[in-house]
Amino acid sequence: MVHKINSLALLVLFLSVFSSTLHAQKYGVVNYSSVLEEMPTYQKAKKDLKDYQEKLQKVLSEKQAVYEQEQKTLTTQFRTAKIDEATYRKGMNKIGAKFKGANEEAQRSLNTKESDLMYPVFKSLKDAIEAVAISKGYVMIFDSSDGDTVFFADQTINLEAAVKAKLGI
């Protein structure tokens, strides 16, 4: 009987501590996309990336013109019987491979540039969200920019203004 009373008392104590812990937890929301769009560093990174992409496109267009000229020359040589079919096919394959390689290298370069430009922006936003959450005692922050992530959020838990203030925007 005493064992049952002690067990019951322990259970009541555990439940009261556990339920008070649950009630003490705070959750917040931030519209990540909205804050990101307002960050001057993000706007600059987007512009720099666009400029870099245009530069790469210009280089690729110049290379494409060279490759097309090489193809025309090769075709003329084949039609005038200056080269045989095997040499023609080998040459065309080589030109195609060079163009494909140039495109792949440009894409890798663009991806690297995007990472280099965007990572610091994303990190600063993440750091600001974490700093606001910690300073205000939140245990979890949800992104409300994706409609499927948060179905409803009381605006009193919206930390967007605090995050923007932390970022200086």
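FYI, it's all coordinate maths here, none of it is from the lab. Since we're looking at a predicted model, the values are computed, not measured. Here Cβ is always computed from backbone atoms with ideal geometry, including for glycine, and neighbour counts include all displayed protein chains.
A few comments on the model shown:
- Between Leu49 and Ile169, residue separation times 0.36 nm minus the direct Cα-Cα distance comes to 41.0 nm.
- Set of lysines with alpha-carbon distance to Lys126 below 28 Å, sequence-local pairs under 8 removed: Lys26, Lys44, Lys46, Lys47, Lys50, Lys113, Lys136, Lys164, Lys166
- Once you divide the Cα radius of gyration of region 49-137 by 2.2 N^0.38 Å, the number left is 1.90.
- Computed label-point distance, nm, for sites Ser34 and Asn158 using a 7 Å Cα→Cβ extension: 0.4
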